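Comments concern the structure below.
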Amino acid sequence: MGNQPTLSMKEQFMTVPNLLSMLRLALVPVFLYLLLTEKYFSAIVVLALSSLTDYLDGYFARKYNQVTRLGQLLDPAADRLYIFSTLVGLSITGIIPVWLALVIIGRDLVLAVAYPILATHGYGPLPVHYLGKTGTFALLYAFPLLLMAYIWQPIAFIVEPLAWAFALWGVGLYWWGAAVYLRQVGDIVKKGNSKNH
């Protein structure tokens, strides 16, 4: 990151990775609408597209040295909005149990407590840990697979176990990443307190 270019906010917006993140954000309400109106195939296509853009924005950011502060905020925001909207839609339509939604949303509520703590010590949100990112990838694969198992019953016996494997691994990694994030916050608080003494 030492040779990361300094870009204006406008230049940051216009990088390919950030344009992909904004496209993913723009598709969130489209996806939720398709899910709630039971247009499941179209919803799967949009969700698969979001997963692809999620991979591509990280790839281009690294390949072309376009990692920006804006991207570090946009990317996890888009991921969380997709996960949240998917959980809401799949819970309302009865495709996933409510407990799964609560376990995943609960993790983000726990992390939300960390943000004001960081702010009081002069920090913004910390970079996303790879464990949380890997958990997000797993969940973003699990959700379309769960939808596929629901709408194509003949293949459900193959797809559903695979979908739940991704979902449970995703939940585990998601919470593991949260624990690491909270430990980093704790280290920052300790350092701040030691400087004040």
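The values are calculated or read from the model by the stated rules, or taken from the named source; none is laboratory data. None of the values given here were measured: they were computed from a predicted structure. Positions of Cβ are backbone-derived with ideal geometry, glycine not excepted, and every protein chain shown enters the neighbour counts. The accessibility values were calculated without ligands, DNA or RNA, using every heavy atom of the protein model including side chains. Shrake-Rupley method; radii C 1.70, N 1.55, O 1.52, S 1.80 Å.
For the chain, what is the Kirkwood hydrodynamic radius in Å, using each pair of distinct C-alpha atoms?
Roughly 18.0 Å, rounded to one decimal.
Quick check: at a probe of 1.4 Å, how many percent of the accessible area of the chain sits on carbon and sulfur atoms?
On the way: 7560 of 10670 Å².
Result for the chain: 71 percent of the exposed heavy-atom area is carbon or sulfur.
Among Val98, Val88, Val46, which one shows the highest mean-square fluctuation when the chain is modelled as a Gaussian network with alpha-carbon springs under 10 Å?
Largest GNM mean-square fluctuation: Val98.
Please compute the contact order of the chain in relative form: average sequence separation of alpha-carbon pairs under 8 Å and at least six residues apart, divided by the residue count, as a percent.
Value for the chain: 22 percent.
Distance from the Cα centre of the stretch 109-136 to that of the stretch 30-48, in angstrom?
Between the Cα centres of the stretch 109-136 and the stretch 30-48 lies a distance of 29 Å.
What percent do you get for the relative contact order of the stretch 124-178 when only Cα pairs under 8 Å and 6+ apart count?
Taking the mean separation of contacting Cα pairs over the length of the stretch 124-178, I get 52 percent.
With helices defined as uninterrupted DSSP H runs, which ones in the chain have an alpha carbon span along their own long axis of at least 20 Å and mean Kyte-Doolittle hydropathy of at least 1.0?
The answer, listed by residue number, is 16-36, 98-112, 130-151.
Towards the positive end of the charge dipole of the chain, with charges on Cβ (+1 Lys, Arg; -1 Asp, Glu), say which of Pro127, Gly186, Leu145 has the farthest Cα.
Gly186
Sort Phe166, Phe31, Phe84, Phe60 by heavy-atom solvent-accessible area, probe 1.4 angstrom, most to least.
I get Phe84, Phe166, Phe60, Phe31, largest accessible area first.
Counting Lys and Arg as +1 and Asp and Glu as -1, each charge on the Cβ, what is the dipole of the chain about the Cα centre in debye, to the nearest 20?
With only Lys, Arg, Asp and Glu charged at Cβ, the dipole is about 600 debye.
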